[in-house]
Each structure stands twice: as structure tokens, then as C-alpha cells.
1. Using 7 Å Cα-to-Cβ label points, what is the ARG140/ASP106 separation (nm, one decimal)?
2. Sort 131-139, 88-96 by packing, meaning the average of other beta carbons within 10 Å per residue, with the highest value first.
3. Taking the simple approach of a point 7 Å from Cα along Cα-to-Cβ for both HIS121 and LEU86, what is their distance in nm?
4. Classify the range 75-124: rounded, prolate or oblate, from the alpha-carbon gyration tensor (a ≥ b ≥ c, eigenvalue square roots; a/c under 1.5 rounded; otherwise prolate if a/b is larger than b/c)?
5. I'd like to know how the range 67-155 sits against the 2.2 N^0.38 Å rule of thumb: what's its Cα Rg over that expected value?
Amino acid sequence: GGMPQRGFPQGGFPMQHGVGVGNVMPPEGFIPMMPHLSDAWGGGLPPQPHFGMPAGGGPIPLPQVPAGTDLCNLYVNDLPADCDDLFLYRTFAPLGAITSVRVMRDESGLSRGFGFVKFVHAQDAVGAISQLHGKQINGRPMHVSHKTSNKHHHQ
């Protein structure tokens, strides 16, 4: 076949790979160009050993959460009455990229004291829980957790 051998170094040495290395290695041929190094590198190692996901996943293990939980979506409670979407955004934005924030309001437009923040990356959302859950806002600890598919009932 006309295909080059697999595992062959990019821009390598087809002649030495098949014929020269291991049979005839004239010093003037291999000392300046070092084809034996490329050959060992391209042929002797498993393909691309350093690429791909490390065993065991990413650096932060994601928590075990109930089925149906969106790891990117956070439920925030015990917010100050004058809290608005911008307040939520300013509070959570330093911890990661956010796709949406929403403070829930009653019919008169007053904050109901809770809302939702959606992160782009689940790991940022996990970090936000550990950083902000229990953080004092106007003297009250704020509640931050993953939003679950079950509806929250708060009087």
C-alpha cells in the first residue's frame, strides 16, 4: 500500500525508518540528523501518550446530587428585599461565566428573597456554592444550593 506506517513521526525519515535504522547506520547519515531519535519517538511509544483526559476525570469531582439536578443552575435564597438581578450578577460573576440571573418577584415587583443563577460550567457553580453559601449579605447568611427539579416551597 501507499500509506505511511502508523505511528510514523510527522515529517520523519521514510528511508531510514524502513531501511537504514537497524541495518546500516553510517555515522555521517545519522549523527547530524538524528533520525534514530525520531524513529524511537515515533515508533516505540504508544500514540500520543500525553493527550486526552487524565484518568479519573477533571480536577474538581462534581458532587453527588439528586437525579434531574442541573449542576450549572443555582438556587439562591435569603436575599435582601432590595436585591435585584444586577445584585445577583455582581455577587456571582467573579466565580465564573454566567448565562442568566433571575430574582423572583411578587405581583408588586418586590423581591421574594430568592432567585436563580445559571453558570456556563458546572464546576464554577460548585465553586460558587462553596464560596457563597452562608455568606453574610446585609447581616443575613445567604443560602446557595443546586437548583433541583423539585419545586421549592417557601412561605
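Every number in this text was worked out from the coordinates using simple rules, so none of it is lab data. The shown structure was predicted, so the numbers you read here are calculated from the model rather than taken from an experiment. Cβ coordinates were reconstructed from backbone atoms using ideal geometry, including for glycine residues, and neighbour counts include every protein chain displayed.
1. For the pair ARG140/ASP106, the computed spacing is 1.2 nm.
2. By packing density, highest mean first, the sequence is 88-96, 131-139.
3. Between HIS121 and LEU86, the simple spin-label model gives 2.8 nm.
4. Working: a/c = 2.47, a/b = 2.23, b/c = 1.11.
In terms of gyration-tensor shape, prolate.
5. 1.01
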